[in-house]
Amino acid sequence: MLEKALSGSKLYWAWLIALVVVIAAGFGSYLVQYNKGLVITGMSRDVSWGFYIAQFTFLVGVAASAVMLVLPYYLHHYKTFGRITILGEFLAIASVIMCILFITVDLGKPTRILNVMLHPTPNSVLFWDMVVLNGYLIINLVAGWVTLEAERKQVAPPGWIKPIIYLSIPWAVSIHTVTAFLYAGLPGRGYWLTAIMAPRFLASAFAAGPAVLILLGYLVKKLTRFDAGKEAFETLAKIVTYAIILHIFFFLLEVFTVGYSAIPSHMTHLEYLYFGYHGYSMLVPWVWTALASGVVAIILLVNPRTRQNPAVLGVACVLVFVCTWIDKGMGMIAGGFVPNPLHEITEYAPTGLELMITFGVYATGLLILTILYKVAIGVKQEEEAL
Amino acid sequence: MKLYDGGKIITGLVIFLLIFTFPFWSSLGKAAPTPKLVLPAKTVAKQCVTATPYMRASHMKLLNDWRDAVVRDGLRVYVADDGKHFNMSLTNTCLSCHDSKEKFCDQCHNYLAVAPFCWECHLVPKEKK
Amino acid sequence: MGVDRRDFLKIAGISVALGVGGGVGFQLLRPGHLDAAQEGPNPRALKGQRWGMAIDMKKFTPATARAAIEACHYYHNVPLIPTKQNVKWIWLAPYANVFPETDNPQAGEYASLQYITMCNHCNNPPCVRVCPTKATFQRADGVVMMDFHRCIGCRFCMAGCPYGSRSFNFQDPRPFIKKESPNFPTRSRGVVEKCNFCAERLAVGELPYCAEASGGAMVFGDVDNAGSELRKMLRGRYSIRRKPNLGTDPQVYYLV
């Protein structure tokens, strides 16, 4: 099937070349980091995780959101998602690969990464994150590829794939839960020490992932005339609506508990993010942008007339993306580290090289996504032409 | 049987073979000089912590064992086969007899193109002039 | 009697199977532990159930702090990096930062002092819990140690530590070490580091550098030994610990 990725329009090849150029630039920047160390990033003794881990956290959510398609389609035989489920599974594959790359570029000693397997440590959440992320990658690769191949041969998928697809449903929840546990189990970090971390992550994931998928679906429709179907987009839009409402709701729950209890070690982080703390306020415009985007998106999505308008839905999806990306990325990570355990303040902003490496990883993910989508849509259109 | 695109395939294979065999033909006739180890003088020590053939072949394993024993188990004394006691320390024990890293360690490491990361942290004592 | 081909293959097959299941398997499972009998502790090593430190704020002066910090940072080759990507094992900070959320405007002079802070060698250390490679681990005597050879630089321990006691080597530290201490390694780019309670000193029967340099203001000892000097001090004086509510059970006690 992979041969379908080897023929395409001029635009297709130009896009691939553009991605390769960005990947090369990112790789070159990574070489600088590899040789000099993480000194080239904006991270510090106080803010010891930054942009890479932020992107990782966000993308785990995008990956997990494939379950929003797999579950209705395979468990409830919701046929409307027949054409788009594979796009969700392939988006998950590209996202998980980006997650793994982001963790790798964040390591101080990347050459020692296999120590995680040589000295397995079940009491470390990071060990389990490695297990569930790699497991999820394999599950989705197998499930996506086997069902697509069966479709191409016009036969029913082999029976053994069913349990694997069912397994992918709780597994998707697990990857984001375990990722939340990375943060939510640390005694000294008030901003993260909350049981609602995993539900909050899942809600923002189920908003961001399907929103990205709607936008990708629009793009695919425009470029290849492959239409996932009006009804599929509408159902996805409903999922985004519920999820973004839950996301904001969970955030407000957090604000209440932290604000009403008024425990400083929990409250100072929210204070820093939303109002600035002792004159440090770099992230204030960002987090308010996130909140405002979320609220406007809800207004656009709740009203059926605006939600069912494809153009407005597109705008709403972009707003959902902006909201969740800022909230879960920069807000989550930097907000948790500022102020530090000694209530001192060091702010964080990524450097140019750090951004280049980030773009490189995103371009790698987009390259994989493009190739997988090319194959999937090629197969679907071939089958429909028969 | 007809070979489609034969020209392209054969050219590709030739290029592949050329690149694949690059290490062999690029170093033809350029034998690296055999390493010359300078061993500690007999007045310093007659015998390493264990038999020379073992050290030659497996010193890295011994050093790894020492490393784990010292750092992880807090065991710092090595009892040699002949009953002698040694403080398990690369800088303070090994290099006190083998007092020139350049004339001992580096000789073989460079010859074999291996770059152990010991020296990123462990200091090399200043050589006695 | 000769061994025919069939028998030879049988024997060879069995030997290989045994070899894989036996010695080789053993080595794969526990590499490097075959000749552990040859390794032992230094007979002079200090033995303790649970090491701890008491800091007597009555004796503690800025000069004491300077001496302790200088000794520690020199002997352990701690680099002096003048940026926010700095490295420190032991340092001074105001009361409000060392003991946040315990401020008391009526506390008097103790609240205006500078406090020396370092790794607390917690009895229940979050950094050990989160480390994915056991590069940070707890010894039987309570010392929370780091194996710099194994650290992958993921910095989970830095997020886990509620005391900010850990530093990451964002770059090669060597250019920032003014004078190298010959008997202790430096660290390399990409690993996390922190106070090791002078494990290398305890192993040869000596006290930590900071305790030695503090002129009696910092007392190192066995918290679990009721007869130790440290326990006597803890009995006689009121002591506070950093963030005891987190359940980490820190082993650095401040006598106020």
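Coordinate-derived values only; no laboratory data. A quick note: this is a predicted structure, and the numbers were derived from the prediction, not measured. So basically every Cβ, Gly included, is an ideal-geometry build from the backbone, and we count neighbours across all protein chains shown.
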- Message: So if I average 1/r over every pair of distinct C-alpha atoms in the stretch C:71-185 and take the inverse, what Kirkwood radius in Å does that give?
- Response: 16.0 Å
- Task: Identify which of A:Gln154, A:Gln308, A:Gln55 has the largest mean-square fluctuation in a Gaussian network model of chain A, with springs joining Cα atoms closer than 10 Å.
- Result: A:Gln154
- Message: Over 18 Å between Cα atoms: which of C:Lys134/C:Lys243; A:Lys10/A:Lys153; A:Lys36/A:Lys109; C:Lys134/C:Lys194; A:Lys4/A:Lys153 fall into that group?
- Response: C:Lys134/C:Lys243; A:Lys10/A:Lys153
- Message: What is the angle, in °, between the Cα long axis of helix C:5-19 and the longest principal axis of the Cα atoms in chain C? Nearest 10 is fine, range 0 to 90.
- Response: 10 degrees
- Computed label-point distance, nm, for sites C:Tyr110 and C:Lys179 using a 7 Å Cα→Cβ extension: 3.7 nm
- Rounded, prolate or oblate (a/c below 1.5 giving rounded, otherwise prolate when a/b exceeds b/c) for chain A by Cα gyration tensor: prolate
- Task: Give the range of the longest stretch in chain C that excludes all trypsin sites (Lys or Arg not before Pro) found in loop regions by DSSP and having at most 14 other beta-carbon atoms within 10 Å.
- Result: C:60-177
- Query: HN-Hα J couplings of the stretch B:107-116 from phi, Karplus 6.51/-1.76/1.60, θ = phi - 60°, integer Hz, Gly and Pro as x?
  - Reply: 3, 6, 4, 5, 4, 8, 6, 10, 10, x
- Task: When a/c is below 1.5 the answer is rounded, else prolate if a/b is larger than b/c, else oblate, so apply that to the protein assembly as shown with a ≥ b ≥ c taken from the square roots of the Cα gyration tensor eigenvalues.
- Result: oblate
- Note on the structure: Checked against the positive end of the charge dipole of the stretch A:2-385 (+1 on Cβ of Lys and Arg, -1 on Cβ of Asp and Glu, about the Cα centre), the farthest of A:Leu300, A:Pro157, A:Ile139 is A:Pro157
- Note on the structure: Along the stretch A:329-343, Karplus-curve 3J(HN,Hα) (6.51, -1.76, 1.60; θ = phi - 60°) to the nearest Hz, with x for Gly and Pro, reads x, 4, x, 4, 7, 5, x, x, 8, 10, x, 7, x, 9, 6
- Message: Can you give the longest run of chain A that contains no trypsin sites (Lys or Arg not before Pro) sitting in a DSSP loop with at most 13 other Cβ atoms inside 10 Å?
- Response: A:226-386
- Which angle between 0 and 90 degrees, to the nearest 10, do you get for helix A:51-64 versus the longest principal axis of chain A when only C-alpha atoms count? 40 degrees
- Query: How crowded by other chains is C:132-139, given as the mean number of beta carbons from other chains within 10 Å of each beta carbon?
  - Reply: 6
- Dipole check, the protein assembly as shown, charges on Cβ (K,R +1; D,E -1), about Cα centroid: among A:Gly331, A:Leu291, B:Leu3 the Cα furthest to the positive pole belongs to B:Leu3
- Please identify the longest segment of chain B free of exposed chymotrypsin sites (Phe, Trp or Tyr not before Pro), where exposed means a DSSP state other than H, G, I, E or B and no more than 16 other Cβ atoms within 10 Å. B:5-116
- Query: Once amide H atoms are built 1.01 Å from N in the peptide plane, which residues 5 or more positions from B:Val77, or in another chain, come under 5 Å H to H?
  - Reply: B:Met88, C:Gly40, C:Asn42
- Query: Which whole-Hz ³J(HN,Hα) couplings does the stretch A:25-36 yield from phi under the Karplus relation 6.51 cos²θ - 1.76 cosθ + 1.60, θ = phi - 60°, glycine and proline marked x?
  - Reply: 5, x, 5, x, 5, 5, 4, 4, 5, 4, 7, 9
- Item | Three principal axis lengths of the stretch B:31-75 [C-alpha, angstrom, descending] | 41, 32, 15
- DSSP loop GluC sites (Glu not before Pro) in the stretch C:185-232 with at most 16 other Cβ atoms within 10 Å of their Cβ, which ones? C:Glu206
- Query: Loop-only check: which GluC sites (Glu not before Pro) in the stretch B:56-129 are DSSP coil with at most 11 other Cβ within 10 angstrom?
  - Reply: B:Glu102, B:Glu127
- Message: Within 10 Å of each candidate Cβ there may be at most 15 other Cβ atoms; applying that plus a DSSP loop requirement, which chymotrypsin sites (Phe, Trp or Tyr not before Pro) in the stretch A:118-199 survive?
- Response: A:Trp160
- Highest GNM mean-square fluctuation among A:Leu91, A:Leu118, A:Leu182, for chain A with Cα springs under 10 Å, belongs to A:Leu118
- Note on the structure: Calculated from DSSP helices alone, with each H run of at least 4 adding -39500 (n - 2.57) and the total divided by the residues of chain A, [θ]222 nm to the nearest 500 comes to -24000 deg cm²/dmol
- Query: In debye, nearest 20: dipole of the stretch B:42-129 around its Cα centre with unit charges on the Cβ of K, R (+) and D, E (-)?
  - Reply: 280 debye
- Tilt, helix C:62-75 to longest principal axis of chain C (alpha-carbon atoms), in degrees rounded to tens, equals 20 degrees
- Message: As a test of understanding, state the convex hull volume per residue of the stretch A:1-145 from its alpha carbons, in Å³.
- Response: 162 Å³
- Item | Value at 222 nm in deg cm²/dmol, rounded to 500, when DSSP H runs of n ≥ 4 in chain C each add -39,500 (n - 2.57) | -6500 deg cm²/dmol
- Query: So what is the diffusion coefficient of the stretch C:173-256 in µm² per second by Stokes-Einstein at 10 °C and 1.306 mPa s, using a Kirkwood Rh over Cα pairs?
  - Reply: 102 µm²/s
- Whole-angstrom gap from the stretch A:202-222 to the stretch A:348-386, using each part's C-alpha centre: 14 Å
- Once you have a ≥ b ≥ c as the square roots of the Cα gyration tensor eigenvalues for the stretch B:42-129, tell me rounded if a/c is under 1.5, and otherwise prolate or oblate according to whether a/b is larger than b/c. rounded
- Task: Take chain A, connect every pair of alpha-carbon atoms lying under 10 Å apart with a spring to form a Gaussian network, then pick out the residue of A:Leu114, A:Leu101, A:Leu16 with the largest mean-square fluctuation.
- Result: A:Leu114
- Message: Can you tell me the mean projection area, over all orientations, of the convex hull of the stretch C:51-255's alpha carbons? Units nm², please.
- Response: 11.6 nm²
- Note on the structure: Expressed as a whole number, the average count of other chain Cβ atoms within 10 Å around the Cβ atoms of B:58-65 is 2
- Net charge, A:Ala143 excluded, C-beta distance under 12 Å - Lys, Arg +1, Asp, Glu -1: -1
- Ratio Rg/Rh, restricted to the stretch A:306-386 and using Cα atoms, in which Rh is the Kirkwood radius: 1.18
